Amino acid sequence: MKKGADSISDFVLRIKNVGDALLATSEDVKDRDLVVSLMYGVGHDFDSIVSVITAQQRFITFEDAHFLLLTHEQRLHHLDSSSQLDIGQSSANYATNSSQEKKKDT
């Protein structure tokens, strides 16, 4: 199962629902299975978090994996919005400076 365009929260909920459905059929579903599904389903934007999860000496819980992925997603959104602000501010500065230079030339 892939995350696709879903948020981490929506993706985690889908994984959890599948796990719950398997439990209802008497399948033995462990946190480890759910965490592995999360790691395989997230995209390259989450490679650093997948590395952190796999580097742990003990396997982390599904809730801990959810928290790490959610925190990383929020950071990505923050960086993306900050980048958009920087571009907008740079454009505004350029436009202001260009118009001031044109006034000097006349």
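Couplings for the range 26-34, taken from phi via the Karplus curve 6.51 cos²θ - 1.76 cosθ + 1.60 with θ = phi - 60°, read 6, 6, 8, 10, 9, 3, 4, 4, 5 Hz in order; Gly and Pro are left as x. In this structure, Asp64 and Ala24 have a Cβ-Cβ separation that, at R0 = 25 Å, corresponds to a calculated FRET efficiency of about 0.55.
In terms of the mean number of neighbouring beta-carbon atoms within 10 Å, the peptides 24-34, 63-73 order highest first as 63-73, 24-34. Along the range 49-54 the Karplus relation, 6.51 cos²θ - 1.76 cosθ + 1.60 evaluated at θ = phi - 60°, assigns HN-Hα couplings of 6, 4, 5, 4, 5, 6 Hz to successive residues, with x for each Gly and Pro.
Every number in this text was worked out from the coordinates using simple rules, so none of it is lab data. Because the structure is predicted, anything quoted here is derived from the model rather than measured. Methodologically, a virtual Cβ is constructed for each residue, glycine included, from the backbone with ideal geometry; neighbour enumeration extends over all protein chains shown.
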